[in-house]
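What follows is a set of notes on a single structure, which appears directly below.
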Amino acid sequence: MVTKAFKDLAILNAAKRGMPHERITFTPHPVSGKTPDELRAYVEGNDPVSGKPMMMEIVDALTRPLSEDEKKTGMVPINVGPPSFKDTAVNLQEYFLNNGMTDFLPIILPTEETVDAMLKSTSHKPDEVCGKMAAGAYPPWEFTVKQVAVNAVMAGCRPEYFPVVLAIASSGTPSLFSSTNSFAYAAVINGPIRDKLNMNYGIGALGPFAQPNATIGRAWTLLSKNLGNGGIPGDTYMGSQGNNLNYNNAIIAENEAASPWTPFHVQKGFKVEENAISLFRGLGIVPGQGARGTSTDTPKHEEQFSDLFSVFTGFFGGLVIADPLVAVSLKSRGYDTKEQLIAWLYKNTTQSVKDYKSRDFAYGFDYPRALKGLEPYATWYKMPDDAMIPRWPHETDINVVVAGGQTNAFFQGGSLSYTVSISIDKWT
Amino acid sequence: MNRRKLLSLLGMSPALLMGSGAEAQSHKKIASSNGIKSAAGEIEVLNPKGTPPAIQLIPMAPRLDTLDGKTVYLVDTGFEGGGFLLNQIQIWFNKNMPKVTVVFKRKAGPYAEDDPALWKEIKEKGNAAIMAIGH
């Protein structure tokens with residue numbers, strides 16, 4: 001049984017898993033938040049897709065003999081079209097747009113020449129398998145270095161950016177995901193490559209002010225669509241409202257020179273002189289301004305971070321994106337390392353057990369873990385409703401990066417979980 | 001959109017799936033709605049798509065001749081509201097098909113996590129299962 005909103009997704013995912021004729025009965029959508037009387041009316045009513053009585057359809061699905069199609073075995077290939085297309089530039093732009101291959105902005109057309117130029121920025125062979133990707137619960141698609149290059153060209157990347165795009169692609173992480181929660185993605189770039197590519201980590205670091213910041217993130221979304229088959233509304237994308245960050249994601253080059261703390265990639269085991277990209281996934285980024293005490297001589301940014309995080313679900317991690325002015329201020333007040341700041345935030349950003357249990361993420365993910373005895377969920381679910389618990393299960397759910405041009409002691413907070421760091425050097 | 005059209009858009013060949021003479025979607029010819037066409041200005045560009053795996057068809061499980069005297073499992077996958085809907089379905093079975101034994105189970109783990117122990121239990125003790133997905 002599936003609610004009507006997921007009709008196409010249910011049929012297509014069943015097909016991708018080998019059962020294109022799966023017998024599915026649909027209910028009205030949504031079922032969450034409905035009273036028992038409303039749900040009883042659903043059950044006693046009709047399947048909103050077929051128009052037939054729902055329960056009779058279920059009984060029929062369980063008892064009607066199988067058709068020959070439903071008994072079929074064998075392999076079915078998937079057709080994604082020819083290797084190339086030939087037409088005028090105008091028509092090709094329109095074709096790519098109409099066939100879901102773009103982000104609905106004009107693209108750079110990927111000719112053999114432009115793709116070859118991109119491929120010259122890596123030592124890896126064009127036909128080498130770079131990775132696999134799926135944007136939901138279906139078998140992942142595979143792609144080569146050359147197929148990544150095609151998408152990098154489309155996004156407007158210069159050839160020298162290509163190793164960064166390959167590193168992202170190799171992670172298999174899509175920047176578009178099928179969840180109804182409209183996920184957002186971010187990447188933190190560290191190492192000398194930031195300067196080599198002229199990335200912006202100063203004034204307007206997160207804005208549209210530098211080609212690598214803009215196009216690397218755009219390439220991530222295009223390759224998620226084309227190489228991972230993501231971003232098809234109703235099929236591989238179900239985000240109810242969508243997320244504006246999905247256009248080119250939050251590409252954050254850390255301002256290592258102005259930061260008083262260890263660069264993010266070094267925290268993850270890389271050397272300072274190495275180049276790495278670290279990926280984050282979550283719900284989005286919100287601004288924070290006006291640290292408590294700013295008008296006195298004791299600004300307390302850590303308390304403001306905590307206030308900001310108190311509106312986030314703890315399912316995803318917390319990412320502090322601090323301007324260097326904020327980081328320097330915190331260091332002057334005793335936070336010598338990012339880890340010290342993180343420890344304070346973990347201890348002081350709390351929630352009641354009652355609030356925690358009422359969150360849908362807790363019900364869907366943490367409660368089953370609690371039933372299995374996994375900590376801290378098992379303990380949290382045994383505590384009284386008025387007990388206070390941390391906002392996040394683990395201290396490692398909080399991360400800190402430094403970016404910005406020091407025009408304001410500004411900061412932003414991401415409801416974003418760190419997922420993985422990838423070597424960029426490996427893809428040069 | 002009906003199932004046949006959906007599967008065609010997926011790139012699955014209806015000819016192979018449906019036993020009909022229809023062909024899978026083809027991208028050989030580029031159809032443009034603006035009508036601009038000039039062979040002199042043509043360029044060739046590469047397909048940006050990755051490579052999907054072929055799909056291994058799985059034959060569906062044989063059906064029951066009747067549900068009377070059989071055990072049907074109702075499986076809550078954990079999406080909010082799914083369990084409450086299944087409770088109403090259990091009530092419906094008890095009222096309208098009392099000869100059916102209905103067992104309600106919450107699948108272990110988050111939505112997408114496998115629960116082999118439950119599948120084993122259903123195979124051993126049940127005759128059919130209904131899963132509720134969506135919220």
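The values are calculated or read from the model by the stated rules, or taken from the named source; none is laboratory data. Here the structure is a predicted model, which means the values were calculated and not measured. Don't worry about glycine lacking a Cβ; one is built from the backbone with ideal geometry, like all the others, and counts go over all protein chains shown.
Overview of values
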read-out	value
Boolean, A:TRP380 is aromatic (Phe, Trp, Tyr), within 23 Å of A:VAL311 (Cβ to Cβ) and over 27 Å from the mean Cα position of the chain (by Cα)	yes
Residue, modelled with the lowest pLDDT, within region A:365-382, restricted to residues that are of a type in the set (A, V, I, L, M) and not in a loop (DSSP other than H, G, I, E, B)	A:LEU371
Helices (runs of 4 or more DSSP H) enclosed by region A:127-224 - at least 2 residues per element that are within 28 Å of A:THR262 (Cβ to Cβ)	A:162-170, A:193-196
Answer residue from region A:85-111, given it is in a loop (DSSP other than H, G, I, E, B), touching a Phe, Trp or Tyr at 6+ places or on another chain (Cβ under 7 Å) and within 25 Å of A:SER179 (Cα to Cα) and is nearest to the other protein chains (Cβ to nearest Cβ) among those	A:THR102
Output for region B:62-83, where each listed residue is modelled with pLDDT of 95 or more and either closer than 30 Å to A:SER358 by Cα or more than 7 Å from every other protein chain (Cβ to nearest Cβ) (or both)	B:ASP68, B:GLY69, B:LYS70, B:THR71, B:VAL72, B:TYR73, B:LEU74, B:VAL75
Residue under evaluation B:TRP92, criteria (1) under 21 Å from the mean Cα position of the chain (by Cα); (2) modelled with pLDDT of 95 or more; (3) at the interface with chain A (Cβ under 9 Å from one of its Cβ atoms), criterion not met	(1)
Some residue of region A:112-125 being in a loop (DSSP other than H, G, I, E, B), surrounded by fewer than 18 Cβ atoms within 10 Å (Cβ to Cβ) and of a type outside the set (Lys, Arg)	yes
Any hit, region A:190-213, residues being without any contact (Cβ under 8 Å) to a residue 12 or more places away in the chain and either charged (D, E, K, R) or crowded, with 24+ Cβ neighbours inside 10 Å (or both)	yes
Residue within region A:131-149 that is over 21 Å from the mean Cα position of the chain (by Cα), surrounded by fewer than 19 Cβ atoms within 10 Å (Cβ to Cβ), without any contact (Cβ under 8 Å) to a residue 60 or more places away in the chain and more than 10 Å from chain B (Cβ to nearest Cβ) present	no
Leading residue by the ranking (nearest to A:VAL188 (Cα to Cα)) among those in region A:297-325 that are in contact with a helix residue (DSSP H, G or I) (Cβ under 7 Å, 6 or more places away or on another chain) and at pLDDT 95 or above	A:VAL320
